[in-house]
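Peer 1: Sharing a structure here in structure tokens format.
The values are calculated or read from the model by the stated rules, or taken from the named source; none is laboratory data. Owing to the predicted nature of the structure, the values given are computational and were not obtained by experimental measurement. Note that each Cβ is placed from the backbone with ideal geometry, even for glycine, and that neighbours are counted across all protein chains shown. Accessible surface is based on the protein model in full, side chains and every heavy atom, while ligands, DNA and RNA are left aside. Shrake-Rupley method; radii C 1.70, N 1.55, O 1.52, S 1.80 Å.
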Amino acid sequence: MEITHIPAGSRGAADIDEILAEVIDFDALINRASGLGSDFDPLPAEVRGQLLDPGEYTTTETWIARRGGTIVAKGIAWLSLRDNLDVAEIWCAVDPRHRRRGLGSRLLEHMEDSLRDRGRTRLTSFCDIPPSARDAEPRGGHIAADSGSGSLPTDLPEVSFLTSHGFAFKQLERCSVAQTGTAASMIAGELAPGYSIETWHGPTPSDRRKQIALLHQRMSTDAPGSAEFGTEEAWDAARVRALDEQRAAKGERMHTALALRGESAAGFTEIAHFDDRPEIGWQGATLVAADHRGHGLGAALKIANHRSLTESSGVERVYTWNAVENRWMLAINDRAGFATWAWVGLWTKSLHWERLARLDRML
Ligand SMILES: CC(C)(COP(=O)(O)OP(=O)(O)OC[C@H]1O[C@@H](n2cnc3c(N)ncnc32)[C@H](O)[C@@H]1OP(=O)(O)O)[C@@H](O)C(=O)NCCC(=O)NCCS
């Protein structure tokens, strides 16, 4: 198996366009085998961006593994460039016709070597499990999440693979889906005195970048279990602007609702949709800052954003992800008509000691 490493921006557009259709076909094959459904098929502009466009604040690296010239496996790493410099979020997948022959292990080890050598020793990863796979044999062995909530069957290929490669199962998330109209038709209560909600679509208005930056930064520490997956991110207005530009370049459109108390940021929620598949919405961050909780802002933000979506986009349904211990957010989503679509296991692995041992051997 030959493995080619492609950090975003390391090849010219002509080189990338030559392999793009093949990479997208591979991603579609993997998605169809996962049971997640066609809504999760690859978005061509996003895949192209992952291969071609390095971001200023975050970037991606791709590994493509071939046998006899054909792609048989692919890995990807999402990297932050300004904070969390020791962290890498990784994922790899093998063509179902070539599984259980050690290819996944070889690719993962190759990716780990590359990342460890550059000091990226805190790995995070994930696996997507449809409810039918999780519920197939409830009497079989399960592994419990370290968070204390939720479990996954140990004999699922992804679970077994990650466990056998030293990953620890940290958290279970529920991926759920709702029709936009359902959430939008919920009755919003009166906002608590002093609060207001603004909605917009497209890039963040320049006079709101500061508030959105603060909320993104809080999101990196205040979401349940966030300490397991990285440290506080550094956000300012320039980073919000750069993120908006990066999103526009790959045809990602945002709908945002921002809660304010006077000019202070109290909370926000974001939903993305892509030009390549405009009927599907993807819930992004939602946060109510700690000192503004208990006023019903979470539900009010979601209702406002879903209304804005129905008024000014073609989005028909929205997918969202929540930690299963995040009962407050799950309750809001249940009220908004979200139903379980998949379970997502979040995993971590430390390469720290391996790196020290390796450096020691080199001295
Ligand atoms: C997970 C995945 C990458 C494994 O690829 P693979 O090439 O089949 O993996 P390997 O052959 O290297 O298997 C390594 C170990 O994983 C475990 N494993 C992999 N598939 C398994 C299965 N179907 N049943 C039980 N254990 C399995 C075993 O411990 C295996 O070692 P063994 O064969 O010596 O018993 C592949 O199933 C896949 O692409 N899944 C979808 C993508 C995904 O969820 N990735 C996980 C996050 S990185």
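Peer 1: Explain nothing, just the number: dipole magnitude of the chain about its Cα centre with +1 on each Lys and Arg Cβ and -1 on each Asp and Glu Cβ, in debye rounded to the nearest 20.
Peer 2: 560 debye
Peer 1: With the crude spin-label approximation of a point 7 Å out along Cα→Cβ, what separation in nm comes out for Arg335 versus Leu359?
Peer 2: In this crude spin-label approximation the distance works out to 5.0 nm.
Peer 1: At 7 Å along the Cα-to-beta-carbon direction for both His98 and Glu46, put a label point, then send me their distance in nm to one decimal.
Peer 2: Here the answer is 2.4 nm between the modelled labels.
Peer 1: Here's a follow-up. How far is it, in nm, from the label point at Ala249 to the one at Glu232 when both lie 7 Å from their Cα along the line to the Cβ?
Peer 2: Between Ala249 and Glu232, the simple spin-label model gives 2.9 nm.
Peer 1: Which value, in debye to the nearest 20, gives the size of the charge dipole of segment 1-96 about its Cα centre, when Lys and Arg are +1 and Asp and Glu are -1 at the Cβ?
Peer 2: That gives a dipole near 240 debye.
Peer 1: Using only Cα atoms, find the angle between the long axis of helix 13-34 and the longest principal axis of the chain, and express it within 0 to 90 degrees, rounded to the nearest 10.
Peer 2: 80 degrees
Peer 1: Place the peptides 269-275, 286-292 in order of packing, highest mean first, counting for every residue the other Cβ atoms within 10 Å and averaging per peptide.
Peer 2: Top to bottom by mean Cβ count within 10 Å: 269-275, 286-292.
Peer 1: Then there is this: Which pairs in the list Lys170/Lys302; Lys210/Lys302; Lys74/Lys210; Lys74/Lys302 are over 32 Å apart, alpha-carbon to alpha-carbon?
Peer 2: Table pairs above 32 Å Cα-Cα are Lys74/Lys210; Lys74/Lys302.
Peer 1: Taking Cα atoms, how many degrees apart are the long axis of helix 237-249 and the longest axis of the chain, rounded to 10 and kept between 0 and 90?
Peer 2: Relative to the chain, helix 237-249 is tipped by roughly 70 degrees.
Peer 1: Oh, and also: So, in Å, what gap is there between the alpha-carbon centers of segment 276-319 and segment 105-140?
Peer 2: 29 Å
Peer 1: Alpha carbon centre of segment 239-254 versus segment 180-215: separation in Å?
Peer 2: 19 Å
Peer 1: Would you mind estimating how fast segment 178-345 diffuses translationally, via Stokes-Einstein at 4 °C and 1.567 mPa s with the Kirkwood radius over Cα pairs, in µm²/s?
Peer 2: Using the Kirkwood radius from Cα pairs, D works out to 80 µm²/s.
Peer 1: OK, next. On average, how much accessible surface per residue is there in segment 178-345, in Å², for a 1.4 Å probe, leaving out ligands, DNA and RNA?
Peer 2: Value returned for segment 178-345: 43 Å² of accessible area per residue.
Peer 1: Would you mind checking the tilt of helix 103-117 against the longest principal axis of the Cα atoms of the chain, expressed as 0 to 90 degrees and rounded to 10?
Peer 2: Roughly 70 degrees, rounded to the nearest 10.
Peer 1: Rounded to whole Å and ordered largest first, report the semi-axes of the equivalent ellipsoid of segment 128-226 derived from its Cα gyration tensor (root of 5λ).
Peer 2: Equivalent ellipsoid of segment 128-226: 38, 20, 13 Å, largest first.
Peer 1: I've got another one for you. What's the percent breakdown of Cα-Cα distances in segment 23-164 across 5 Å bins, shortest bin first?
Peer 2: 2, 8, 16, 20, 20, 18, 11, 4, 1, 0
Peer 1: Related question: Would you mind telling me the antiparallel percentage of the DSSP bridges in segment 62-141, rounded to 5?
Peer 2: Bridges in segment 62-141 that DSSP calls antiparallel: roughly 75 percent.
Peer 1: Still on this model: For Arg82, what is the net charge nearby, where nearby means another residue's Cβ is under 9 Å from its Cβ and Lys, Arg count +1, Asp, Glu -1?
Peer 2: Spelling it out: positives minus negatives among the neighbours equals -2.
Peer 1: Mind checking the dipole of segment 302-363: about its Cα centre, +1 per Lys or Arg Cβ, -1 per Asp or Glu Cβ, Debye to the nearest 20?
Peer 2: Values: 9 positive and 6 negative charges, 33 e Å.
Dipole about the Cα centre, nearest 20: 160 debye.
Peer 1: Still on this structure: What does the net charge come to around Ile187 if you take all other residues with beta carbon closer than 12 Å to its beta carbon, with K and R at +1 and D and E at -1?
Peer 2: So the surrounding residues net to +1.
Peer 1: Moving on. For the chain, place one equal point scatterer on every Cα, skip the solvent, and apply the Debye formula. What is log10 of I(q)/I(0) at q = 0.08 Å⁻¹?
Peer 2: With no solvent term, the Cα-only Debye profile gives -0.41.
Peer 1: Also, quick follow-up: Based on DSSP, what percent of beta bridges with both residues in the chain are antiparallel, to the nearest 5?
Peer 2: Taking every DSSP beta bridge with both residues in the chain, the antiparallel ones total about 90 percent.
Peer 1: Treat segment 1-54 as a sphere of radius equal to its Kirkwood radius over Cα pairs and apply Stokes-Einstein at 10 °C in a medium of 1.306 mPa s; give the translational diffusion coefficient in µm²/s, rounded to a whole number.
Peer 2: Approximately 133 µm²/s, per Stokes-Einstein.
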